[in-house]
Amino acid sequence: MFQEEGYYFVTSRCFQGRLLLRPSEEVNEVVGGVLARAVQQSAGTVRLYAFAFASNHFHLLVWARGAALAGFMQYLRANLSKKVGKLVDWSGGFWERRYSAEPVLDDTALVGRLRYVLAHGVKEGLVEKSAEWPGLTCLPQLLGPARRLFRWFNWTRRWRKRGSEDMSDGGLFAQEWAEPVELELAPLPCWEGLKEEERQRAVRGLVEQVEAEARTRGTPVLGARAVRAQHPHTRPEHLKRSPRPLGHASTRQALNELREQYRAFVAAFRAAAARWSRGDFLACFPPFAFPPHVAPGRASQSL
């Protein structure tokens with residue numbers, strides 16, 4: 001269920017929890033380029049606030065208009081699977097299932113989700129400090145310049161130049177196909193009135209909370225070097241799985257209202273889908289919903 005516009009906490013996990021996004025210099029560069037290109041392609045309908053790429057999943061904190069998030073995620077996940085898949089020599093399915101996008105309903109919940117993003121690597125016991133995580137995260141941009149330059153490897157241009165005399169033989173990730181693309185983070189809406197130094201101070205405060213909480217557990221960490229040494233095809237023996245929440249809010253009332261909205265959405269969608277499947281293509285779906293596929297033969301029979 002998409003809103004006319006809203007904030008979302010997005011999660012996507014690799015197939016079987018394998019470490020296909022295992023950090024390396026090459027993977028980080030490709031991931032950053034794909035993410036920046038996806039934001040660029042969204043043409044202002046998706047705004048990025050925070051991100052963290054772990055070895056087997058990633059999180060985004062975004063604002064999106066209508067159903068624009070669906071196209072954004074399709075572009076992002078498809079290009080990550082192709083480009084990172086080539087880097088780690090993986091040709092099968094890259095993602096475990098559809099991504100989840102949970103609405104974030106208020107400013108307190110937005111800051112809470114940002115804290116959760118910044119905790120990655122530390123809360124799992126992989127590194128002692130958030131800045132030590134070797135994967136791609138938004139922390140350097142939140143504590144420094146909001147813009148960061150990556151390389152987007154334009155395989156379409158490479159395909160069009162195939163066989164030409166001036167085409168190099170440097171492979172899919174040759175500098176010849178690399179195009180600079182800028183990734184910019186937007187400040188959280190509740191922080192827009194703050195000066196840059198104040199926003200950075202708030203981020204450092206969140207990171208200190210995360211690291212202090214991790215120290216109380218007193219368990220040894222794996223370390224960044226060991227993380228980078230893991231094989232990307234590794235399948236963890238145990239995966240942490242928890243039910244996906246309906247949304248994120250600081251009050252129970254806000255979640256109850258969201259639950260009622262979702263129930264109304266589902267009821268309206270099911271009623272419209274039943275008419276649609278019978279060939280009644282005048283059925284009215286809820287805003288920003290995607291009608292189910294109907295085979296042409298079945299549709300003509302219904303009519």
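The values are calculated or read from the model by the stated rules, or taken from the named source; none is laboratory data. Predicted model only: the values in this text are computed from it and were never measured. Glycine gets a Cβ as well: all are built from the backbone with ideal geometry, and neighbour counts include every protein chain shown. For the accessible areas, the whole protein counts, side chains as well, though only heavy atoms, and no ligand, DNA or RNA atoms are used. Shrake-Rupley method; radii C 1.70, N 1.55, O 1.52, S 1.80 Å.
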All other residues with a Cβ under 15 Å from the Cβ of Glu184 taken together, and with Lys, Arg as +1 and Asp, Glu as -1, what is their net charge? +2
Find the accessible area per residue for the chain; the probe is 1.4 Å, ligands and nucleic acids are left out, and the unit is Å². 55
Explain nothing, just the number: relative contact order of region 1-72, from Cα pairs under 8 Å at least 6 residues apart, as a whole percent. 48
Exposure rank, largest accessible area first [Ser91, Ser250, Ser130; 1.4 Å]: Ser91, Ser250, Ser130
From the residues Leu206, Phe153, Gln141, which one has its Cα farthest along the dipole of the chain in the positive direction, the dipole being from +1 and -1 charges on Cβ of Lys/Arg and Asp/Glu about the Cα centre? Phe153
Region 45-144 pair-distance distribution - Cα-Cα, 5 Å bins, rounded %: 2, 11, 20, 21, 21, 17, 7, 2, 0
Is region 123-280 rounded, prolate or oblate when judged by the Cα gyration tensor, a ≥ b ≥ c being the square roots of its eigenvalues, rounded requiring a/c under 1.5 and prolate requiring a/b larger than b/c? oblate
Pseudo-spin-label distance Ala43 to Ala178, built 7 Å along Cα→Cβ, given in nm, is 3.0
From Cα pairs below 8 angstrom and at least 6 apart in sequence, can you work out the relative contact order of region 118-262, rounded to a whole percent? 31
So, with a 1.4 angstrom probe, what is the percent of accessible area on region 1-101 that is carbon and sulfur? 42
Which one, Tyr262, Tyr75, Tyr49, has the greatest fluctuation when you compute a Gaussian network model over the chain with C-alpha springs under 10 angstrom? Tyr262
Using a Gaussian network model of the chain with C-alpha springs under 10 Å, which one of His231, His120, His293 is most mobile by mean-square fluctuation? His293
Give me the dipole magnitude in Debye, nearest 20, for the chain about the Cα centre, with unit charges on the beta carbon: positive for Lys and Arg, negative for Asp and Glu. 980
Please give the Cα centre distance for region 52-123 versus region 1-39, rounded to the nearest Å. 4
Going by amide H atoms built from the backbone, whose H comes under 5 Å of the H on Thr234, apart from near neighbours? Leu19
Rounded, prolate or oblate: which fits region 82-140 when a ≥ b ≥ c are the square roots of the eigenvalues of the alpha-carbon gyration tensor, with rounded for a/c under 1.5 and prolate only if a/b beats b/c? oblate
Suppose every Lys and Arg Cβ carries +1 and every Asp and Glu Cβ carries -1, with no other charges. What dipole size does region 160-239 come out with about its Cα centre, to the nearest 20 debye? 480
Under 5 Å, built H, 5+ apart or other chain: amide partners of Phe153: Glu179
In whole percent, the fraction of accessible protein surface over region 162-290 that belongs to carbon or sulfur atoms, probe radius 1.4 Å, stands at 52
